[in-house]
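Novice: Dumping the structure here so I can ask a few things about it.
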Amino acid sequence: MVTLFGETMSRRTLATRTGALSQFAGVRLSTLGDGVERGIRQLEFRTGTGLRFTVLVDRAMDIAECEHAGRAVGWHSPSGFRHPGLHDYEGEGGLGWFRSMSGLNITCGLDHTLFMHDDPAGHYHYGPRTSVSSSLHGRIGTIPARLTGYGERWDGDDCVLWAEGVVQQSTVFGEDLHLIRRIEADVGGDEIRLHDRVVNHGFYRTPHMYCYHINVGHPVLAQGARYVAPIRDVIWAAHADQYDAQGVGYRTAPAPIADFHEQVWQHDMAADPHGRVNVALVNEAISFGFEVETLKAQFPAMYQWQNFHAGHYALGIEPSTNHVMGKDFARDRGELIELEHGQERRYDTVLRLLPDAAAVAGAVARIEAVARQPDEEYPQPSGIFPPIGGRSA
């Protein structure tokens, strides 16, 4: 059954209220027409509850805008939703990625994440290619998808809005990795479900690293907003040598700060009995929040990114396949995923809007029932990176 506007209705009953479901909810394809966004195809999802989000078909089917009843959730950076044809992957010493960084979710991978890196290329058996040079967070986020379908699907009296596409990161004498992405949202629901498969379509054994850069902005993020997570250990902090110099810890957000320097942590998260890890940013002052649910077996690592600089104000929840120390660290520990032809990895993630006080309180209680995070704002990082198993495909 579909619950809309305080009424639970069958498919038939809902049909009596309108000539088309699109009056209340649906998925619509359009093309952006101006500025750096010109030419990008996007899918607009509306579930009928106030949840609205857009999927950029030409940017890896990532989620750009996200709002609930007019209250923004997804972060918009100064760079905007830049057309991939304008992107210079190798630019600025590998930091050109920042000129295309915007939106609720940016996918990082498929063969590389984290900072710039040169990887030996002997496994591609092509003499002139001695190394694979990767820029920040990999190539996938600015590759257009082949849109294979979208629309609505009724299953009895329940209706799911959906879209599917294939994003190919491929070259001659190199990787041929395909991201097959399905996005779902229930009519009458406040959740977005991401179902990803990364498949080695080629015949070279190929490294695979994967991360979501999930960026939450104002008004979820505001002075006093809380990062809530089942943290059993704070492993690492990029700024540990001057931990409290900016007067900002990991738990509680400040107002925007001029000249703020980004902060990054890696936490070891506890999973619930079903293997799920839930992390939330909650703003109890306005009874609003946002929650990310991942599976520990799929994303064993979790980063926290704080960019509280005025004009860039964002907090990132970043599930990852690998520790923050990078590809060589993973390879040396036997933790780097390598895929043979036809092998794949799956990722199933829920992005959940918390639109009122009850939803916020429920998320906090659910997370704290798994593990209580450190109370102090500046917990000392342990430097202990737990072994990551299950790396054979």
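Novice: Here is a list: Tyr313, Tyr243. Which entry is crowded, with 18+ Cβ neighbours inside 10 Å and of a type in the set (Phe, Trp, Tyr)?
Specialist: After applying the criteria, what remains is Tyr313.
Novice: For region 196-219, does any single residue satisfy the condition of being of a type in the set (D, E, K, R), free of Cβ contacts under 8 Å to residues at least 12 places away in the same chain and surrounded by fewer than 22 Cβ atoms within 10 Å (Cβ to Cβ)?
Specialist: No; the residues of region 196-219 include none that is of a type in the set (D, E, K, R), free of Cβ contacts under 8 Å to residues at least 12 places away in the same chain and surrounded by fewer than 22 Cβ atoms within 10 Å (Cβ to Cβ).
Novice: Sticking with this structure for a sec: Applying the selection to region 324-367, what residues are β-branched (Val, Ile, Thr) and either loosely packed, with under 15 Cβ neighbours inside 10 Å or outside any loop (DSSP other than H, G, I, E, B) (or both)?
Specialist: Matches in region 324-367: Ile337, Thr349, Val350, Val360, Val364, Ile367.
Novice: Taking only region 170-195 into account, find how many residues are over 18 Å from the mean Cα position of the chain (by Cα) and either closer than 30 Å to Pro128 by Cβ or surrounded by fewer than 18 Cβ atoms within 10 Å (Cβ to Cβ) (or both).
Specialist: Qualifying residue count for the region: 8.
Novice: Same structure again: In region 246-266, which residues are within 22 Å of Asp375 (Cα to Cα) and in a loop (DSSP other than H, G, I, E, B)?
Specialist: Gln246, Gly247, Val248, Gly249, Tyr250, Arg251, Ala253, Pro254, Ala255, Glu262
Novice: Just need a number here: residues in region 349-393 that are among the acidic types (Asp, Glu) and closer than 20 Å to Thr294 by Cβ.
Specialist: Selection size over region 349-393: 1.
Novice: Moving to a separate point now. Only strands (runs of 3 or more DSSP E) wholly contained in region 1-106 count here; list those with 1 or more residues that are more than 24 Å from Leu194 (Cα to Cα) and free of Cβ contacts under 8 Å to residues at least 60 places away in the same chain.
Specialist: Here the list reads 7-9.
Novice: In addition: Scan region 77-98 residue by residue and report those that are surrounded by fewer than 13 Cβ atoms within 10 Å (Cβ to Cβ) and among the charged types (D, E, K, R).
Specialist: Answer for region 77-98, where residues must be surrounded by fewer than 13 Cβ atoms within 10 Å (Cβ to Cβ) and among the charged types (D, E, K, R): Asp88, Glu90, Glu92.
Novice: Here's a check for you: in region 142-159, which residue that is surrounded by 16 or more Cβ atoms within 10 Å (Cβ to Cβ) and of a type outside the set (Ser, Thr, Tyr) is farthest from His201 (Cα to Cα)?
Specialist: Only one residue fits best here, namely Cys159.
Novice: Something else now. When residues of region 301-323 are filtered for being part of a loop (DSSP other than H, G, I, E, B) and within 30 Å of His201 (Cα to Cα), how many remain?
Specialist: Matching residues across region 301-323 total 3.
Novice: Going by the structure shown, is Leu351 under 27 Å from Pro381 (Cβ atoms) and of a type outside the set (Val, Ile, Thr)?
Specialist: Taking the combined requirement at face value, the residue does not satisfy it.
Novice: Please pick out the residue among Gly174, Gly202 that is in contact with a Phe, Trp or Tyr (Cβ under 7 Å, 6 or more places away or on another chain) and more than 23 Å from Gln23 (Cα to Cα).
Specialist: Gly174 is the lone residue from the list that is in contact with a Phe, Trp or Tyr (Cβ under 7 Å, 6 or more places away or on another chain) and more than 23 Å from Gln23 (Cα to Cα).
Novice: Quick one: count up the residues across region 273-296 that are within 20 Å of Phe385 (Cα to Cα), outside any strand (DSSP E or B) and in contact (Cβ under 8 Å) with a residue 60 or more places away in the chain.
Specialist: Adding up the residues that qualify gives 0.
Novice: State yes or no: is Ala310 among the hydrophobic types (A, V, I, L, M, F, W, C), modelled with pLDDT of 95 or more, closer than 17 Å to Gly109 by Cβ and out of contact with any helix residue (DSSP H, G or I) (no Cβ under 7 Å at 6 or more places or on another chain)?
Specialist: Against the criterion (among the hydrophobic types (A, V, I, L, M, F, W, C), modelled with pLDDT of 95 or more, closer than 17 Å to Gly109 by Cβ and out of contact with any helix residue (DSSP H, G or I) (no Cβ under 7 Å at 6 or more places or on another chain)), Ala310 does not qualify.
The values are calculated or read from the model by the stated rules, or taken from the named source; none is laboratory data. These numbers come from a predicted model, not from an experiment. Methodologically, a virtual Cβ is constructed for each residue, glycine included, from the backbone with ideal geometry; neighbour enumeration extends over all protein chains shown.
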